[in-house]
Every structure is written in structure tokens, then in C-alpha cells.
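Peer 1: What follows is a structure written as C-alpha cells; I'll ask about it next.
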Amino acid sequence: MNKKIALIRGDGIGPEIVAQAQKVLDGVAALYGHTFTYDEVDMGGVAIDRWGDPLPAAMLDKCLASDSVLLGAVGGNKWNDVPGNMRPERGLLRLRAGMGVYSNNRPAKIWPQLASASPLKKSIVDKGIDFIIVRELIGGIYFGQHKTEETDGQKTATDVLQYTEAEIERIGRIGFETARKRSGRLCSVEKSNVLDSSRLWKAVMHRLAGEYPDVTLTDMLVDNCAMQIVKDPSQFDVIVTENMFGDILSDEASMITGSIGMIPSSSLGSSTCGLYEPIHGSAPDIAGMDIANPIGTVLSAAMMLRYSFDMPAEANAIENAVSAVLDAGYRTGDIMPSDPEEAAGCQRVGCTRMGDLITGMLRKD
Ligand code: IPM
Ligand code: MG
């Protein structure tokens, strides 16, 4: 198969991690006889520097003309003082909206090889951690009106959190369908004891529940959910939630699995052209040092093969290669065991070497 992939290397560690994922994709192409071609897209700080805009229209067009988009990360201290609507992150939000990718899927799964890297007690980890956060991605407070006004020397800042029933329904359906393919348990997370938008969210979820009798729907308030994720993550299978709650809970969920550096994500809308990115940021403090963990990006590429290109065997080949590299004891710094005895059985490697090792372990599934 021929596929055109838009590559957004971005800022900070973005270029290093995307280079590893590209190497792995090329390895898969060679193994399975596919041709992947790449279209370079500037977004984020690099686009501000080059074009004066975090996402120039021509760059969004390149993404829309591709079969899917692979993104590293954007942002960094260098652009902290640019106005809000010109920040690197705004480029990312505009890209998600421009592509219409309303459904963000963030798996939180513990790799058995990394169980000791979890900050949770062994007794909790041993009960199992394997759930998915389905996050609404192009609505809510990140996309409502933002403004800062000044009256009598006093500033007031406002961000609007708004959801329509239709926006809630389309992400709700993804939640139910995802749960249906797994163990049939869906937890809808909101703050309906305070927010109108959450009360509407809850009402829509319960209306939809009637259409999915095979799925058991439960509700949870977001503050309680934050607590339950560290208390007993084994209770969760699929969580569906709005944009900001999903942003926050997915960072928490990633940490309990050992490292945010391991977690990929997929974002899809109504077409198969998706956006694939690790959930960590651009980590400017370690950029250019060749020590970043590329696995979140490599696994994002695997999700692209699975969900956008309908290549499940190829996706498995990548995931198996990652597992084999971990089995062999190779670790980037973020997943190196802190226990000296355990660390003795591991070898610390950099970003490029990790990419080479995963590529070298690729076998036909
Ligand atoms: C994420 C990030 C982004 C978000 C930022 C960079 C805008 O935190 O993908 O989770 O909030 O969506
Ligand atoms: Mg985030």
C-alpha cells in the first residue's frame, strides 16, 4: 500500500522522537512491502519563527491532503511571551479543529516490564492497569471564547466552557463503541454537581445508554475520578470525558503506568485521516540531548497503522518490537528502574539508539 504521512516534527524533543518513529515506519514498510512517503509540515514554535504563524493555512492543507498526520510535540519557553492566540499550542488546537478530530483516545496500560516504574504500590499495580481515556478534543473550554479585560486597573480573565448536545453525543457514541469492543464498561466523568455543561453531558450519556444495552454506564465526578485513578485503577475500562478533564486525567493516568514518555494517542473524526501524537510535551529542558524516550511516538505510529491504514499486523509488529526491546532490558532514562539491583539488569540507552533497537527487532507478525 502507498500512504502519504504528514510529519510534524515540532519543537523541543519533537524532531528527535519523530525521527525514530519515521525510522520504525520505514522498517515496517520494507518488511511488508508498503511505501510511506512523508510531507514535512511546520507547526508550533518552528512555524512561528519561520512563518509568523503557529499553523499557516498551507500547512493545515498539507495535513488534510495526507492519509494521516504524525506529530512530535510543540511549544517551549522561547514563545512564552507571544500573545495567546499565536502560541505554539494554539497551532495544535487549530490543527485538531481543522482536521475535525473530535475523539482522542489515550490508553493507560502498564507494560509488565515497567511495573516497578509505577509510583503506585505493588499491591495496586498487581490488580492490573489497562484502560482508555476517550477525550473530547475540539470543544469545551479550550475552544470557548478567551478574553482578558481591564476595568479600573483590575484585570478580569474569562474562558468559556460550552458544549452542544450534538458535540456530546458524537463523543459519547465513541465512548460506548469503544467500551463495546472491550469489557463493556463505560465511566462517564464530569462535574455535574457544579457545571451546567456537565449536567447536559450526563443527561446525553444516559439517553445514549438506552441504545447500548450491552454496555454498563456509570458516572463519576472528575475530582473523585482523579482520586480513584490512584486508589484503584483496575476498576476502569473506558472513561469518556470532556476536553479539559481528559487533558488532566490522561496525564495522571500515564504517570501511574510508569512514564508519560510511553503513552501514544490517536485523534479521529469522521474520516480515516487521523492525528497521532505522544501525550507528553516538547520537554525543552532535554531537547537536543538524545535522551528523550521515543516510545510514545513510535507507539503512536503503530496506532496510525491500526486505526487509519487498517494494518493490524504491521501495528502488532511495532508493539511486539517495543516489548522485545524492553524484555532485553533497554531503557531510556525516564524508565530506568530506581532500584539498583533491578537497574543492574538494564541498559540505559538514548533516543536514537532506542529507535535503532526497535527497528532492529521488527519481525513480521
Ligand atoms: C495534550 C497537551 C495539549 C492539550 C496542549 C499542548 C495544548 O497538553 O495534548 O494533552 O492540552 O491538549
Ligand atoms: Mg495534556
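Peer 1: Scanning the stretch 107-151 for residues that are open to solvent by less than 40 Å² (accessible area, probe 1.4 Å), in contact with a Leu (Cβ under 7 Å, 6 or more places away or on another chain) and at pLDDT 95 or above, which turns out nearest to VAL230 (Cα to Cα)?
Peer 2: Applying the filter and picking the extreme gives ILE133.
Peer 1: Please go through the stretch 218-260 and pick out each residue that is more than 15 Å from ligand 2 (Cβ to nearest atom), within 25 Å of HIS206 (Cβ to Cβ) and among the charged types (D, E, K, R).
Peer 2: ASP219, ASP223, ASP232, ASP237
Peer 1: Any residue at all in the stretch 208-222 that is more than 14 Å from the chain's Cα centre (by Cα), within 16 Å of ligand 1 (Cβ to nearest atom), touching a residue at least 24 places away in the same chain (Cβ under 8 Å) and closer than 28 Å to GLU277 by Cα?
Peer 2: yes
Peer 1: In addition: What pairs come out if I take residues in the stretch 343-365 that are surrounded by fewer than 19 Cβ atoms within 10 Å (Cβ to Cβ) and pair them with residues that are modelled with pLDDT under 95 and in a loop (DSSP other than H, G, I, E, B) whose C-beta lies under 8 Å away, six or more apart or interchain?
Peer 2: That search, which allows pairs on different chains as well, returns ALA343/MET336; ALA343/PRO337; CYS346/MET336; CYS346/PRO337; ARG348/MET336.
Peer 1: Among the candidates SER192, SER234, SER183, which residue alone is part of a helix (DSSP H, G or I) and more than 16 Å from ligand 1 (Cβ to nearest atom)?
Peer 2: Testing whether each residue is part of a helix (DSSP H, G or I) and more than 16 Å from ligand 1 (Cβ to nearest atom) leaves just SER234.
Peer 1: Right, something else. Checking the condition under 30 Å from ASN224 (Cβ atoms) and assigned by TED's automatic domain parsing to the domain that holds ALA19, which residue from ILE248, ILE239, ILE295, ILE279 passes?
Peer 2: Exactly one residue qualifies, and that residue is ILE279.
Peer 1: Among the listed residues GLY84, GLY76, identify the single one that is touching a residue at least 12 places away in the same chain (Cβ under 8 Å), in contact with a Ser or Thr (Cβ under 6 Å, 6 or more places away or on another chain), open to solvent by less than 60 Å² (accessible area, probe 1.4 Å) and in the same structural domain as ARG331 (by TED's automatic domain parsing).
Peer 2: So the residue among GLY84, GLY76 that is touching a residue at least 12 places away in the same chain (Cβ under 8 Å), in contact with a Ser or Thr (Cβ under 6 Å, 6 or more places away or on another chain), open to solvent by less than 60 Å² (accessible area, probe 1.4 Å) and in the same structural domain as ARG331 (by TED's automatic domain parsing) is GLY76.
Peer 1: With the requirement that a residue be in a loop (DSSP other than H, G, I, E, B), exposed (fewer than 15 other Cβ atoms within 10 Å of the Cβ) and among the hydrophobic types (A, V, I, L, M, F, W, C), what does the stretch 308-338 give you?
Peer 2: ALA328 - this is the single residue of the stretch 308-338 that is in a loop (DSSP other than H, G, I, E, B), exposed (fewer than 15 other Cβ atoms within 10 Å of the Cβ) and among the hydrophobic types (A, V, I, L, M, F, W, C).
Peer 1: Can THR158 be described as more than 25 Å from SER266 (Cα to Cα), in the same structural domain as ILE124 (by TED's automatic domain parsing) and open to solvent by 60 Å² or more (accessible area, probe 1.4 Å)?
Peer 2: The answer is no for THR158.
Peer 1: Could you go through the stretch 34-44 and let me know if any residue there is over 19 Å from SER66 (Cα atoms), open to solvent by less than 40 Å² (accessible area, probe 1.4 Å) and β-branched (Val, Ile, Thr).
Peer 2: no
Peer 1: Is there any pair linking a residue in the stretch 243-256 that is farther than 16 Å from ASP334 by Cα and open to solvent by 10 Å² or more (accessible area, probe 1.4 Å) to one that is near ligand 1 (Cβ under 10 Å from one of its atoms) and of a type in the set (Ser, Thr, Tyr), with Cβ under 7 Å and at least six apart or on different chains, and which?
Peer 2: MET244/TYR142
Peer 1: Of all residues in the stretch 161-194, how many are open to solvent by less than 80 Å² (accessible area, probe 1.4 Å) and more than 21 Å from the chain's Cα centre (by Cα)?
Peer 2: Adding up the residues that qualify gives 9.
Peer 1: Of everything in the stretch 237-259, what is more than 10 Å from ligand 1 (Cβ to nearest atom) and either assigned to a loop (DSSP other than H, G, I, E, B) or aliphatic (A, V, I, L, M) (or both)? Give them in sequence order.
Peer 2: ASP237, VAL238, ILE239, VAL240, GLU242, LEU249, ALA253, MET255, ILE256, THR257, GLY258, SER259 - these are the residues of the stretch 237-259 that are more than 10 Å from ligand 1 (Cβ to nearest atom) and either assigned to a loop (DSSP other than H, G, I, E, B) or aliphatic (A, V, I, L, M) (or both).
Peer 1: Just to verify a result, which residue in the stretch 261-302, among those that are in a helix (DSSP H, G or I), within 16 Å of ligand 1 (Cβ to nearest atom) and touching a residue at least 40 places away in the same chain (Cβ under 8 Å), is most open to solvent (accessible area, probe 1.4 Å)?
Peer 2: PRO284
Peer 1: Give the residues of the stretch 28-53 that are β-branched (Val, Ile, Thr), in a helix (DSSP H, G or I) and closer than 28 Å to ASN2 by Cβ, sorted by residue number.
Peer 2: Passing the criteria: VAL28, VAL46.
The values are calculated or read from the model by the stated rules, or taken from the named source; none is laboratory data. Computed from a predicted structure; not experimentally measured. No Cβ is skipped: glycine too gets one built from the backbone with ideal geometry, and neighbour counts run over all protein chains shown. For the accessible areas, the whole protein counts, side chains as well, though only heavy atoms, and no ligand, DNA or RNA atoms are used. Shrake-Rupley method; radii C 1.70, N 1.55, O 1.52, S 1.80 Å.
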